[in-house]
Amino acid sequence: MQPKRQYYFSLAMLGCLFFIFGLVSWVNSILVPYFKVACELTSGVETYLVTFAFYIAYLVMTVPASFLLRRVGYKRGTLIGLWIMAAGALLFWPAALTRTYGLFLTALFTIGTALAILQSVANPFVTIIGPHESAAKRISMMGICNKLAGIIAPLLFAFLVIRPEDKQIMESIEQGLLSGEALQEALNEMIRGVIVPYVVLAILLFLFGILFYKSPIQDINPDKDNRTTGSQNDRKSIWSYPYLILGVAALFAHLGSQQISVSTIIGYAQGMGMSLDAAQIFPSCTLGCILLGYLGGVILIPRYISQQQSLVICTIAGLVLSTLVLILPPRASIWSLVLLGVPNSLIYAGIWPLAIRGLGRFTSLGSSLLVMALCGNAVLSLLYGLISDHMSLQASYWLLIPCFVYMIFYAIYGYKIEKW
C-alpha cells in the first residue's frame, strides 16, 4: 500500500476497534437494570457492580498489558486482546445457564481486561499516527465510531435479549404477581436470552482478531516514535511529568462522570415512574448527543478552535448542565443529563493529547496510566450507587460537580505545569 492509503486503512481498522469498544462497553447501561431483575439484586451498590467489575480491570490490568505489548508487539497484542474479549463473551453462556451473578461479573472483568490491552494499543496509535495539533480531531473520529456503537448497543441488546415475554415477566415482578418456584423458572428463562448474542459476538471477535493481525497495518513503537530532545531527556521517571499525572486525574474524573450520566439514566427514569421499555431510549439519546459533539470536533478542531480551547468550553458547559440536573424538576433534569453528552464528547479528546505530549521513552507507560484512568467508570459509578442508597437519585448527581470543577482546573491551568 502507498503511505497515504495505508494511513487511511489504518484509521479504518482502528475505527473498527473503537466501534468494538463502544459495543461491549455501553451495553452496560442496560445490563445494569436487566441484571437487577434477572439476578434479584436489592441494593444500588450490588447493581452497579456491573460497571465496577468491567472497568476496575483497567486499574488492575493496564500496566501488565503495557509489558505484554512491549514483549509481543502491538499487532499481536491486539490479536490477544480480541481473543481474551471473545473468551469473556463466551463466559456469559455458563453464567446464564446457572444464573450466577458472580460469573457474569467475572465475564465482564475478562472483557474489561481485554479492553485494557486494546485501549493501550489504540490510543497511542491514534495520537502519533499524524500531526500532534490534529490529534484531538483523530480522537474525535474514533469517538464517533465508539459512540455510534454506543447508540446501537443498548437498543440492539433490548431488541435481541429483552423479548415480549421478558417484559411481561418484569411487569409481573413489579406488581408482585410472581413468587416462589414460578418466579425462579421465569427468571431462568429470561436470563438465557443473553446466550446467543454473546456467543455470536465471541465468534466475530475471534475472526476480527485474525483479520487485524493479518492486515498490512505497520506495527508501532510509541517510545521510539515520540522521542524528545533537550531537558525532557533528563527526567528520571514518569512521575516527573506533572501535566501527565494531573491529566490522569482529569481523565478519571471525566470518564467516571460520563459513565454516571449514561449508566444511571435508566434507573433515574424508572425512579420517576417510567417503565424499562420507555426508559431504555435515554442512554442512546445521551450517546447521540456525544456523537453530535464529536462531529463538531471533527469540523472545528484545529481549523477554528484549538483542542485546549474546546476543552475549556466543554468542561464549563458540563459544570453548568450538572448544576441544572440537580436544581431542575426531575422530568426536565433528565434532559440536562442527556445533554451532558455534548460537552462530554470532546473532553477525552482534549485531555489525552495534552497529557501525553513530550513523554519520549515514557510514552507507553504514560499511555498505560491514562488508560488506567478508565477505572473512574468503575469507582464513581459504584460511589453513585452507594450515595443513591442513602439519598434521592436526583440529589446523588452532586457527585458530578467536583469532577467538572477539577476538569476546568486542568483545562485552564493544570496542563501547563511542567515541574512540581
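The values are calculated or read from the model by the stated rules, or taken from the named source; none is laboratory data. In this text the structure is predicted, and so the values were computed from the model without any measurement. Every residue, glycine among them, receives a Cβ derived from its backbone with ideal geometry; neighbour counts consider all protein chains shown.
How do the helices (runs of 4 or more DSSP H) wholly within the stretch 354-420 filter down when requiring 2 or more residues that are crowded, with 24+ Cβ neighbours inside 10 Å and touching a Pro at 6+ places or on another chain (Cβ under 8 Å): which remain?
363-372
Give me the pairs, please: first residue somewhere in the stretch 65-80 and touching a residue at least 12 places away in the same chain (Cβ under 8 Å) and under 18 Å from F208 (Cα atoms), second residue anywhere and surrounded by fewer than 15 Cβ atoms within 10 Å (Cβ to Cβ) and not hydrophobic (A, V, I, L, M, F, W, C), beta-carbon distance under 7 Å, and either six or more positions apart or on two chains.
From residues that are touching a residue at least 12 places away in the same chain (Cβ under 8 Å) and under 18 Å from F208 (Cα atoms), the pairs are G73/D219; Y74/D219; K75/D219.
Exactly one condition in (1) among the basic types (K, R); (2) modelled with pLDDT of 80 or more; (3) surrounded by 13 or more Cβ atoms within 10 Å (Cβ to Cβ) is not met by K214; state its number.
(3)
Within the stretch 10-28, is there a residue that is surrounded by fewer than 17 Cβ atoms within 10 Å (Cβ to Cβ) and either under 24 Å from F206 (Cβ atoms) or aromatic (F, W, Y) (or both)?
yes
Please go through the stretch 238-280 and give me each residue that is under 27 Å from I408 (Cα atoms), more than 24 Å from the chain's Cα centre (by Cα) and either among the hydroxyl-bearing types (S, T, Y) or surrounded by 21 or more Cβ atoms within 10 Å (Cβ to Cβ) (or both), ordered by number.
Passing the criteria: S240, Y241.
For the stretch 315-352, name all the residues that are of a type outside the set (A, V, I, L, M), crowded, with 23+ Cβ neighbours inside 10 Å and touching a residue at least 60 places away in the same chain (Cβ under 8 Å).
Selection gives T315, G318, S322, G341, N344, S345, Y348, G350, W352.
Suppose we keep only residues that are of a type in the set (G, A, S) and buried (at least 23 other Cβ atoms within 10 Å of the Cβ) within the stretch 133-144. Which one would you say is modelled with the lowest pLDDT?
Restricting to residues being of a type in the set (G, A, S) and buried (at least 23 other Cβ atoms within 10 Å of the Cβ), the top hit is A136.
Within the stretch 342-351, does at least one residue satisfy the condition of being more than 21 Å from V248 (Cα to Cα), within 17 Å of the chain's Cα centre (by Cα) and assigned to a helix (DSSP H, G or I)?
yes
Which residues, taken from the stretch 158-175, are free of Cβ contacts under 8 Å to residues at least 12 places away in the same chain and either polar (S, T, N, Q) or under 18 Å from I266 (Cα atoms) (or both)?
Within the stretch 158-175, F159, Q168, E174, Q175 qualify.
Within the stretch 107-128, track down each residue that is within 15 Å of L11 (Cα to Cα) and of a type in the set (F, W, Y).
Once the filter is applied, which keeps residues that are within 15 Å of L11 (Cα to Cα) and of a type in the set (F, W, Y), the stretch 107-128 yields only F125.
Only one of G102, G73, G130, G81 is at pLDDT below 80 and either in contact with a Gly (Cβ under 9 Å, 6 or more places away or on another chain) or surrounded by fewer than 20 Cβ atoms within 10 Å (Cβ to Cβ) (or both); which?
G130
Checking P3 against (1) at pLDDT below 80; (2) under 17 Å from L201 (Cβ atoms), which test does it fail?
That leaves (2) as the condition not met.
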